[in-house]
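Heads up: the structure comes next, in structure tokens.
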Amino acid sequence: MSQSKLLSIGFGLLVLIGAGAILYPLMQAEQILRWEKECVKLLYDIHRALLKYSSDNDGKLPPLLSHLYSQYIDDRRVQEQVLFFSEQQAAMIYWYPEKLGNPEAPVVQIIFKPGREASYARKDFILWSDGTVSLRRRK
């Protein structure tokens, strides 16, 4: 094989490696954004289900989120403490507040990559008692 062909093949490999090095973080960022959107949607769905449950039960909230399934929400993840968004593992904590409406009382917290070293800052999504959802990043 001639030297020019070897150089051409080597250059082609370098271009492919460089493109992969650029595209991989972009694909990873897109996947993380998808998980975040899915997580926020689940938290809003849980809030709507809690409002319905509370309305049907004299303002009381369920002792466990699993009591919402399937009458108030059809997402089976409310039955789990460790749940998955695509392949991303997360832990869900139900704080069981007295009632809904207090903007300073957390209701549900979802922690991405619990107990594992993350390639990005750990994130917690929190559903507050007033129905707002916030993101908290931790290092």
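The values are calculated or read from the model by the stated rules, or taken from the named source; none is laboratory data. None of these values were measured; they are calculated from a predicted model. Every residue, glycine as well, gets a Cβ built from its backbone with ideal geometry; the counts of neighbours run over all protein chains shown. We work out accessible area using only protein heavy atoms, side chains counted, and drop any ligands, DNA or RNA first. Shrake-Rupley method; radii C 1.70, N 1.55, O 1.52, S 1.80 Å.
A few remarks follow.
- Taken over segment 61-81, the criterion of being open to solvent by 60 Å² or more (accessible area, probe 1.4 Å) and assigned to a helix (DSSP H, G or I) is satisfied by H67, R76, Q79.
- In segment 114-136 there is at least one residue matching the filter, namely being modelled with pLDDT of 90 or more and polar (S, T, N, Q).
- Residues in segment 82-101 that are surrounded by fewer than 16 Cβ atoms within 10 Å (Cβ to Cβ) and hydrophobic (A, V, I, L, M, F, W, C): 3 in all.
- Filtered by the rule that a residue be touching a helix residue (DSSP H, G or I) at 6+ places or on another chain (Cβ under 9 Å), of a type in the set (F, W, Y) and at pLDDT below 70, segment 1-60 gives no residues.
- On the stretch given as segment 49-60, residues that are in contact (Cβ under 8 Å) with a residue 12 or more places away in the chain and in a helix (DSSP H, G or I) total 6.
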